[in-house]
Amino acid sequence: MTGLSILFVGQMVPGARTGQRVEAFRRLGCDVTIVETNGPGATYEDVPGLLDRLRYRFRRPADKGGANSAIRSLATASHFDIAWFERAVEIRASTLLSLKAALPNIKLVWYAEDDMMNPLHRTVYVEECISLYDLWVTTKSLNAQPEEISSLGAKRVLFQNNSYDPSLHYPPHHPAENVSQWGCDVGFVGTYEAPRAQSLLFLAENGVSLRVWGNGWEHMTAASPNLKIEQKPVYDRDYVMAVAHSKINLCFLRKGNRDLQTCRSIEIPAMGGFMLHERNAEISNLLQEDSEAVYFSDHGELLEKVTYWLSNERGRRSIASQGFEAISTGNFRHEDRLVSVFDALGQDPN
């Protein structure tokens, strides 16, 4: 292997984008060693026990995967060019200092998809480590402002747009198949959040038929006959099928995360889906309005756009096609984002 040697630390659970980025590193020719922060067999659907909830309340989560010990052991027995930390909220400052002591030239990178100015996304351990990372990468543009993560001690902050996995997020080869299993007028994939629920109920009460896949929606199964709660998330190719067979794919933004774009902002058009997205300047600069995606600002406009585009199949197909073209020919792959990190670090993957 002639490429960079990467120590990758993060949650390796089904459906996680961590695994997608591991494979993107490998497609770039990097040698990747994985340290899992989760325990064996963990999933996103695991219900935390009382002790776990207490530890998170005090922002001191347990190191269930033994990641700190594993990193220290690897540091004395292996060579790494980059240590990449993704949602590794259990890692201690002492572990990073040991890693740097054993490998003085290693670059430490934190990669965040959450708004890390929200204390709920940080832990005491993360806060102790911020100043030790050589590069802090974020998909939240607000976090790159000088008064945000930099004010907490980050040395360098790099904002990146979200990205997709070209080996997974692509239109199905036979889209007409499985329509009865996955088909719907309006679909949404995502975890419950009250503003999202209000928007979906508004549409349902105005006669729109919807399907929802994701965690946390169980209490809404009887909310409306027009709102079908699937009571399960969809990952990987099931996610692709849900998007491909929805006439309209809604893309809501998490208010608690101060989202201006999310992973689905890029993944939905990459999979050939027609996307109706909350409007803001950041996403509008990535995908041209009414050409590559459609946007809404409030409930009235949301209903208006849903009603219009459900009756305009040719227009939906055109926008989905142009959105796919914009993403698939742009620099939106996970590999493209990793290369920009290498550039920021002054590293050549070859």
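The values are calculated or read from the model by the stated rules, or taken from the named source; none is laboratory data. Please read these numbers as outputs of a predicted model, since none were measured by experiment. Cβ sites come from the backbone with ideal geometry, for glycine too, and all protein chains shown count toward neighbours.
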Yes/no for A154 being crowded, with 18+ Cβ neighbours inside 10 Å and either part of a helix (DSSP H, G or I) or not basic (K, R) (or both): yes
From the options L201, L168, residue that is part of a helix (DSSP H, G or I) and either without any contact (Cβ under 8 Å) to a residue 60 or more places away in the chain or more than 30 Å from E127 (Cα to Cα) (or both): L201
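Determine whether Y308 is outside any helix (DSSP H, G or I), free of Cβ contacts under 8 Å to residues at least 40 places away in the same chain and surrounded by fewer than 22 Cβ atoms within 10 Å (Cβ to Cβ).
no
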Of the candidates R59, R87, the one satisfying the condition of being assigned by TED's automatic domain parsing to the domain that holds V341, on the phi > 0 side of the Ramachandran plot and surrounded by 19 or more Cβ atoms within 10 Å (Cβ to Cβ) is R87
Quick check on the stretch 215-233. Is at least one of its residues closer than 27 Å to Q322 by Cβ and either loosely packed, with under 13 Cβ neighbours inside 10 Å or in the same structural domain as R279 (by TED's automatic domain parsing) (or both)? no
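Rundown of residues vs (1) under 25 Å from M116 (Cβ atoms); (2) at pLDDT below 90, yes/no style:
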position	(1), (2)
R17	yes, no
R26	no, no
T43	yes, yes
S73	no, no
What tally of residues in the stretch 85-114 results from selecting those that are within 17 Å of E128 (Cα to Cα) and outside any helix (DSSP H, G or I)? 13
Here is a list: E23, E45. Which entry is under 23 Å from the mean Cα position of the chain (by Cα), of a type outside the set (S, T, N, Q), in a helix (DSSP H, G or I) and surrounded by fewer than 17 Cβ atoms within 10 Å (Cβ to Cβ)? E23
